[in-house]
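S.K.: Please find one structure pasted underneath; my questions will follow.
The values are calculated or read from the model by the stated rules, or taken from the named source; none is laboratory data. Quantities reported herein were computed from a predicted structural model and do not represent experimental measurements. Glycine also receives a Cβ, built like all others from the backbone with ideal geometry; neighbour counts cover every protein chain displayed.
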């Protein structure tokens, strides 16, 4: 990449901005009604419990994109990986390389931390993102299905 991109890690003061990015992403993914996160929850889980991290891509001093990520673990590799939960660039800044720069920054973080891989999920219908990820050299995981237990069923199972 020819352009110099700048990034910064989020701080507790950024919680409202993080929530705004999450809501914009959810609207883009047609999942806006599913966002139940609050500033209080984000502050607790991101900064008190340190369960995930956020980096912002900057244009000048303005945050134009964000990535929320955390460590997972591969028993086969015997080391942690970086799992990208959310990546979003504001629509008016797309096509300027910020998405690629954020992924490259996460790759740099993963390598710097000795991680074995960088991975994420992508909605099947999101053709622009699928194409973007393939251009980066990312490979879709064949023969794997995501399973989830959440909400009331999670609580029921925990009580068994």
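S.K.: Kindly indicate whether any position in the stretch 119-129 is part of a loop (DSSP other than H, G, I, E, B), closer than 25 Å to residue 80 by Cα and touching a helix residue (DSSP H, G or I) at 6+ places or on another chain (Cβ under 9 Å).
M.R.: yes
S.K.: Within the stretch 118-129, identify whether any single residue is farther than 19 Å from residue 25 by Cα and either modelled with pLDDT of 95 or more or exposed (fewer than 12 other Cβ atoms within 10 Å of the Cβ) (or both), and answer yes or no.
M.R.: yes
S.K.: If you go through the stretch 137-145 one residue at a time, do you hit one that is surrounded by 10 or more Cβ atoms within 10 Å (Cβ to Cβ) and part of a helix (DSSP H, G or I)?
M.R.: no
S.K.: Okay, moving on. Would you confirm whether any residue within the stretch 78-85 is within 19 Å of residue 26 (Cβ to Cβ) and surrounded by 16 or more Cβ atoms within 10 Å (Cβ to Cβ)?
M.R.: Scanning the stretch 78-85 turns up at least one residue that is within 19 Å of residue 26 (Cβ to Cβ) and surrounded by 16 or more Cβ atoms within 10 Å (Cβ to Cβ).
S.K.: Just to be sure I understand, how many residues within the stretch 105-118 are over 12 Å from residue 138 (Cβ atoms) and either in a helix (DSSP H, G or I) or touching a residue at least 60 places away in the same chain (Cβ under 8 Å) (or both)?
M.R.: 6
S.K.: Residue 89: at pLDDT 95 or above and closer than 27 Å to residue 36 by Cβ, yes or no?
M.R.: Criteria met by residue 89.
S.K.: Let me ask something additional. Against the definition (loosely packed, with under 10 Cβ neighbours inside 10 Å, more than 18 Å from the chain's Cα centre (by Cα) and modelled with pLDDT under 95), how does residue 114 come out, yes or no?
M.R.: no
S.K.: Still on this structure, please answer the following. Can you name the number of the only condition in (1) within 23 Å of residue 29 (Cβ to Cβ); (2) surrounded by fewer than 13 Cβ atoms within 10 Å (Cβ to Cβ); (3) in contact (Cβ under 8 Å) with a residue 40 or more places away in the chain that residue 97 fails?
M.R.: Going through (1) within 23 Å of residue 29 (Cβ to Cβ); (2) surrounded by fewer than 13 Cβ atoms within 10 Å (Cβ to Cβ); (3) in contact (Cβ under 8 Å) with a residue 40 or more places away in the chain one by one, residue 97 breaks only (2).
S.K.: For the stretch 45-64, which positions are surrounded by 13 or more Cβ atoms within 10 Å (Cβ to Cβ), free of Cβ contacts under 8 Å to residues at least 40 places away in the same chain and more than 17 Å from residue 110 (Cα to Cα)? Don't jump to the end; show me each part of the working.
M.R.: Residues of the stretch 45-64 that are surrounded by 13 or more Cβ atoms within 10 Å (Cβ to Cβ), as a first pass: 45-47, 52-59, 63-64.
Of the ones still in play, those that are also free of Cβ contacts under 8 Å to residues at least 40 places away in the same chain are 45-47, 52, 59, 64.
The answer is 45, 46, 47, 59, 64.
S.K.: Give the stretch 1-18 a look and list any residue that's closer than 16 Å to residue 87 by Cβ and either part of a helix (DSSP H, G or I) or at pLDDT below 95 (or both), or say none.
M.R.: Of everything in the stretch 1-18, those that are closer than 16 Å to residue 87 by Cβ and either part of a helix (DSSP H, G or I) or at pLDDT below 95 (or both) turn out to be 5, 17, 18.
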